[in-house]
Number of protein chains: 2
Amino acid sequence: MTSSSTTDGPAGERPSFSLDDVRREGLLAAPGTEAPAHDGTGRVELTFTVEDVDGAAPATRAVRVPPGVTVFDSASWNGIAIDSTCGGHGTCHKCRVRIDGPTPISRHDQRTFTQPQLEQGWRLACLVGATRDLAVVVPPLTTRPKAATVGVGRQVILRPAVQKRYVELAEPDLADQRTDLARLLDAIDDLEPVADLHVLRRLPKVLREADFKVTAVIVDEALIEVEAGDTSAQRYAMAFDLGTTTVVATLLDVSTGTPVAVASMLNRQQPFGADVITRISATMMDPETLGRLQQAAGETLAQLAAQVCREGGVDPEHVYEVALAGNATMTALALGIDPEPLGVAPFVMTADQPPTVLASDVGLALHPRARLICFPALGAYVGGDIVAGMLATGMDRDKRTRLFIDVGTNCEIVVSDGDRILATAAPAGPAFEGGAIRCGMRAADGAIEVVRLTDTVELTVIGDVEPRGLCGSGLVDAVAELVKVGLLDATGRFIPDDMAPEVAPALADRLTRIGEERVFVLYRPHEGADLADCVVLSQRDVRELQFAKAAISTGWTLLLEELGLEHADVQQVLMAGSFGSYLSPASAVRIGLVPQLPVLRIVSAGNVAGEGAKMVLLSQRERAGATALLEEVTYVELSDRTDFNDRFVDQLGFRT
Amino acid sequence: MTSSSTTDGPAGERPSFSLDDVRREGLLAAPGTEAPAHDGTGRVELTFTVEDVDGAAPATRAVRVPPGVTVFDSASWNGIAIDSTCGGHGTCHKCRVRIDGPTPISRHDQRTFTQPQLEQGWRLACLVGATRDLAVVVPPLTTRPKAATVGVGRQVILRPAVQKRYVELAEPDLADQRTDLARLLDAIDDLEPVADLHVLRRLPKVLREADFKVTAVIVDEALIEVEAGDTSAQRYAMAFDLGTTTVVATLLDVSTGTPVAVASMLNRQQPFGADVITRISATMMDPETLGRLQQAAGETLAQLAAQVCREGGVDPEHVYEVALAGNATMTALALGIDPEPLGVAPFVMTADQPPTVLASDVGLALHPRARLICFPALGAYVGGDIVAGMLATGMDRDKRTRLFIDVGTNCEIVVSDGDRILATAAPAGPAFEGGAIRCGMRAADGAIEVVRLTDTVELTVIGDVEPRGLCGSGLVDAVAELVKVGLLDATGRFIPDDMAPEVAPALADRLTRIGEERVFVLYRPHEGADLADCVVLSQRDVRELQFAKAAISTGWTLLLEELGLEHADVQQVLMAGSFGSYLSPASAVRIGLVPQLPVLRIVSAGNVAGEGAKMVLLSQRERAGATALLEEVTYVELSDRTDFNDRFVDQLGFRT
């Protein structure tokens, strides 16, 4: 039994990571590389040592990612900045890092580095897939990028809505009585913003106290602030992935596209219920609950905002825009919109595109006139988080046939054939989040997240602690491995006790019973321990997982049929969300959660909702792209499909 | 000595009235009319008896106006609705009223009424100039007007920004999962508003509780409310004339253009200083004063808003838009904008066009998302009130050469030759508002407002009380009459004591001294009363008036020169503001406050700021017209003119 631990993030909370499929596939195809194939299971740890440009002591941070994620992404998505201007296509040759130990040398590395440099371990970070634990030295930033790499292989040209302009103005006299505002705006020739009242209230004093040398802060069409002196270097925005369970905040420097700090925590709405339906029900039972849920969401966002500002050393008043990606219910609750119609048929949203409001409207104490933009939603159960995910994965741009799955209590599925895009939602239930599972738990310290069955049971556990339970990825692994070794049959039933020693001699003694129910013991604290102290997988747990995965596979089966596609036509499967990122692609294939494809086509896409939120903060064009998705994607309602139940039963079994 | 009193309005506060010059001149030119000429002095009282359509007891109200104001205007500007669709051009023949006593019969009256009706006193209200006290019976409204008559002869086609649409929507089902908002907006085909968050928060509940039968409330581009059932008849807005001294509120039914209620009160900022400079100084002395002044303005507006809603029987939640016309300082203070640069050279505004904000931003408790629009300003001393006045008087549309004067501590002057428009400000000082005058007082109860000298002294006093002092119009009258009878010479000096009995035998004994200073006794409470108990006009008072009027006449002299015009070219003088409305045209000519023209060319334009505010609420086109004035009018700064002082001295004397 092996155990690994993370050193990043607060105990029990894990940021999500992503695999840049485009670059990985590019790398694997490139001649001269020796990237070892991996089987898509387990985790690798990357320890970054960031050198400071001013010669201060280098900072060290360790992060843990699924194998195959590039070094560049592993850094970038954890707020560690590496030079880049090409967006990770191996062309700018700027993302230079030094890696300890033998590392494959790409064609681009050979063009970029001298032989001695290559021997010292210098590589381009965007072309190194992390397939083992790595120690990486990151040199200080030297470039001011015009683009940033965000999402899954998306290069975003920096054109943020937040703009600053430093101006030095002539002082007024009787021959030049222009208004303060006209004087300021006349000096800014490329933008024509409208001034917020907030600015007019401050403008006369700030102008005169600063000798008419000020920085104008513009968000979209609005002049929201005028600051004394030149503050143009302080230009920040904040991206939120507002999940039902976990909320992630990223503080972004929009001048460079660099994430300054990332933090996550449990949504404070948790006490009102684990999933959206429970929370909607709570608002229907007591009219005051909506206000409480709104407040809980606001407190969550505010606490994270304060944390990332503190960690990034950024004055919250310098954060001028916020993007929020959440499902339809989370978005409605954060805005104080009654979610009841989302929870009952015919599942209607109040609006698909919430208006731009002030960040203070959801309780955020950033710049008082900071804008908050929420992602549009396709339907009550294909919300803004999925639209953000589609943006981050380029579902509307990639010409390949791709399947996007965000696994959770509600599972969203998107299929694109490179032309048409279909989306739907499938009710998977709580199994993937550890709910309704005997030893189920969230992916927190003590959770078994990787299971491998050979002659023994190999477990990977979150945190430096003894196993306490089984999280979603561990559950999928356990079932997949039990099917592989033959202890579970194709229908999902444990094989008879008397056959077990023959099928899997080393593991047969772990197959036992608690009362009437058959269980498989994954972890036993000591020889002879009581079964109540063990982590087990029960027959009922297997059934729960079967129902969950059948709901999902029925969803993508019907969408693929709608487009006239076979399973094998799918060129890439993107597993999104924090669960998707941790899921073993091999196990996902084995239990039938995804089509039966080579594991390399199955990609952990990471926290794509959060990535999409970053993208719209960095680029107004991407923001327009998010809105355009509302027109480009067809929502397919499954709940009134007559063939759903038939297909569902077809999908219950396993491939043995 | 005569005394008159008013029955309208709270004691000590008077709404302002106006003279519709266009129609009056039209009437006088019309054949078959017998309007008696009047000399432009004194007041007339109109008693309106308004019949109710439902047969309730008729309501009676008396208003007092300068002679010559039409019956229609006298009613309309005091919130008494009379049918009209043509805008008062005598063509719609709808504004039928019955007037007691002999009244001139116009050509239009003859076409409209039968001989018995004419004998009963039926007349068209827009064609009767009130040259004597009148009793007027107003029949119930029968038409739903498409236009309203506002300002000075301005007919405004009703196209308010506030729109309501009642819709009955199909309920959603699984085959029609449109969002609540899309469902609503799809049913409104002529408008494409953006929903406020406020609406989204209420929309799901209101739609379902009202069985999907609701009224959408749209202001400009914003959907600000959705109301259960059909509320389309409740569509109100509020116009404010935010004066330094007096604030006037008009509650408007924007469906009909009818004023529902009018109220006025003293600006609660009065304790901080009588004029704008004192109040600006107060903010410079103590940084907390700006907040206090802002609050005082807000309380004034809020109190008036509550009063007109109460009097009009209108729910404040049904008031969706507010227009505010005030000078640059009053507007800045109401919005909480630092006024300091307005008070010191080079007299710079923060912005010429304040942004549209919420009415709640200035402390108004109307609909929570009601919009507040402020008029743009041309300069620190030609503010939004003057732009509103220009709009109300059609300064940019009338092809005649016209002079617009708003008399006050700061006096604004506008000249148009029908093509170019020039505007300036002249510092008249406080004389016209009773300041720096020995027995000066505001136009409140006890103030002498009209003075006529014949064999005796005839006074008109505000309120049913003994004279206590002299307001601006009384001051102008007193000086003009003393010049006329010869007791003041052309230089403004009282003639020697020994000449007085010869020049004005009946009045000579009133010319006496207090200490060294010569005074004229206007009112003596009883024979032998102490001079301290009398109302007198002193030599110094005359000097104050001379300085004030010279500042003003220098202003229009320079503007006329700029346009290459002679005094006699001026076809109309519009006297605006509450003071201008009460000023006797004859006296204004005699003291040289206005060019020497026939009195009929001098028109009391009334509270044109308030009228302009009403216009922008009734018509989006007029609102665009107000903005266009910023481009069309050239502001002329007099304070750096080298020829100002020379001209000023030329203007000090009187025409004898």
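For the reader, a short list of remarks on this structure follows.
- On the stretch given as region A:617-634, residues that are open to solvent by 60 Å² or more (accessible area, probe 1.4 Å) and within 14 Å of chain B (Cβ to nearest Cβ) total 3.
- Qualifying residue in region A:230-247 (condition: farther than 21 Å from A:CYS374 by Cβ, out of contact with any Phe, Trp or Tyr (no Cβ under 6 Å at 6 or more places or on another chain), within 14 Å of another protein chain (Cβ to nearest Cβ) and at pLDDT 95 or above): no
- Restricting region B:58-70 to residues that are within 21 Å of B:LEU124 (Cβ to Cβ) and over 17 Å from the mean Cα position of the chain (by Cα), the residue that is surrounded by the fewest Cβ atoms within 10 Å (Cβ to Cβ) is B:PRO58.
- Subset of region A:522-531 (residues that are within 36 Å of the chain's Cα centre (by Cα) and open to solvent by 70 Å² or more (accessible area, probe 1.4 Å)): A:ARG524
Table: residues versus (1) surrounded by 21 or more Cβ atoms within 10 Å (Cβ to Cβ); (2) within 23 Å of A:GLY151 (Cβ to Cβ); (3) polar (S, T, N, Q).
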| position | (1), (2), (3) |
| --- | --- |
| A:THR250 | yes, yes, yes |
| A:GLY257 | yes, yes, no |
| A:ARG268 | no, no, no |
| A:GLU288 | no, no, no |
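Residues checked against (1) hydrophobic (A, V, I, L, M, F, W, C); (2) in contact (Cβ under 8 Å) with a residue 24 or more places away in the chain; (3) open to solvent by 20 Å² or more (accessible area, probe 1.4 Å):
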| residue | (1), (2), (3) |
| --- | --- |
| A:LYS484 | no, yes, yes |
| A:ARG493 | no, yes, yes |
| A:ALA508 | yes, no, no |
| A:THR512 | no, no, yes |
| A:PHE520 | yes, yes, no |
| A:ASP541 | no, yes, no |
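Residues checked against (1) in contact with a helix residue (DSSP H, G or I) (Cβ under 8 Å, 6 or more places away or on another chain); (2) touching a residue at least 24 places away in the same chain (Cβ under 8 Å); (3) over 20 Å from B:LEU46 (Cβ atoms); (4) among the aromatic types (Phe, Trp, Tyr):
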residue	(1), (2), (3), (4)
B:HIS93	yes, yes, yes, no
B:ARG98	yes, yes, no, no
B:SER106	yes, yes, no, no
B:THR114	no, no, yes, no
B:GLY121	no, no, no, no
B:VAL138	yes, yes, no, no
B:ARG159	yes, yes, yes, no
B:TYR166	no, yes, yes, yes
B:LEU174	no, no, yes, no
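- Residues (away from every other protein chain (no Cβ under 12 Å), farther than 19 Å from B:ALA370 by Cβ and out of contact with any Gly (no Cβ under 8 Å at 6 or more places or on another chain)) located in region B:209-220: B:ASP211
- Complete set of residues in region B:299-320 that are in a helix (DSSP H, G or I) and open to solvent by less than 10 Å² (accessible area, probe 1.4 Å): B:THR300, B:LEU301, B:LEU304, B:ALA305, B:VAL308, B:CYS309
- Residue in region A:320-331 that is touching a residue at least 24 places away in the same chain (Cβ under 8 Å) and more than 24 Å from the chain's Cα centre (by Cα) present: no
- Region B:399-440, residues that are assigned to a loop (DSSP other than H, G, I, E, B) and open to solvent by 30 Å² or more (accessible area, probe 1.4 Å): B:LYS399, B:ARG400, B:THR409, B:ASP417, B:ASP419, B:ARG420, B:ALA436, B:ARG438
- Boolean, A:THR329 is part of a loop (DSSP other than H, G, I, E, B), at pLDDT 95 or above, open to solvent by less than 20 Å² (accessible area, probe 1.4 Å) and in contact with a Pro (Cβ under 9 Å, 6 or more places away or on another chain): no
- Test: residue in region B:628-648 that is in a helix (DSSP H, G or I), within 30 Å of B:VAL450 (Cβ to Cβ) and under 23 Å from the mean Cα position of the chain (by Cα): no
- Residue in region A:376-396 that is open to solvent by 10 Å² or more (accessible area, probe 1.4 Å), at pLDDT below 95, in a loop (DSSP other than H, G, I, E, B) and more than 14 Å from chain B (Cβ to nearest Cβ) present: yes
- Of all residues making up region B:553-578, the number that are surrounded by 24 or more Cβ atoms within 10 Å (Cβ to Cβ) and closer than 25 Å to B:PRO66 by Cα: 8
- Pairs meeting the criteria (first residue in region B:334-355 and more than 7 Å from chain A (Cβ to nearest Cβ), second residue open to solvent by 60 Å² or more (accessible area, probe 1.4 Å), beta carbons under 8 Å, at least 6 apart or on different chains) are B:GLY343/B:ILE277; B:GLY343/B:MET284; B:GLN353/B:THR627.
- Among the residues of region A:121-145, the ones that are crowded, with 20+ Cβ neighbours inside 10 Å and under 20 Å from A:ARG235 (Cβ atoms) come to 1 in all.
- When the criteria are applied in full, A:ALA222 fails the requirement of being in contact with a strand residue (DSSP E or B) (Cβ under 7 Å, 6 or more places away or on another chain), free of Cβ contacts under 8 Å to residues at least 60 places away in the same chain and either within 30 Å of B:THR350 (Cα to Cα) or open to solvent by 10 Å² or more (accessible area, probe 1.4 Å) (or both).
- Residue in region A:146-161 that is open to solvent by 10 Å² or more (accessible area, probe 1.4 Å) and more than 26 Å from the chain's Cα centre (by Cα) present: no
- The set of residues in region A:197-208 being open to solvent by 10 Å² or more (accessible area, probe 1.4 Å) and within 7 Å of another protein chain (Cβ to nearest Cβ) consists of A:LEU197, A:ARG201, A:LYS205.
- The condition of being acidic (Asp, Glu), out of contact with any Asp or Glu (no Cβ under 9 Å at 6 or more places or on another chain) and either within 14 Å of chain A (Cβ to nearest Cβ) or touching a residue at least 40 places away in the same chain (Cβ under 8 Å) (or both) holds for only one of B:GLU433, B:GLU458, that being B:GLU458.
- Each residue in region A:441-466 was checked for being under 19 Å from A:GLU45 (Cβ atoms) and in a loop (DSSP other than H, G, I, E, B), and 8 of them qualify.
- Single match in B:ASP650, B:ASP640 (criterion: open to solvent by 60 Å² or more (accessible area, probe 1.4 Å) and in contact with a helix residue (DSSP H, G or I) (Cβ under 9 Å, 6 or more places away or on another chain)): B:ASP650
The values are calculated or read from the model by the stated rules, or taken from the named source; none is laboratory data. Owing to the predicted nature of the structure, the values given are computational and were not obtained by experimental measurement. Because the Cβ atoms are built from the backbone with ideal geometry, glycine has one as well, and the counts that use them run over all protein chains shown. Keep in mind that these areas ignore ligands, DNA and RNA; they rest on the heavy atoms of the full protein, side chains included. Shrake-Rupley method; radii C 1.70, N 1.55, O 1.52, S 1.80 Å.
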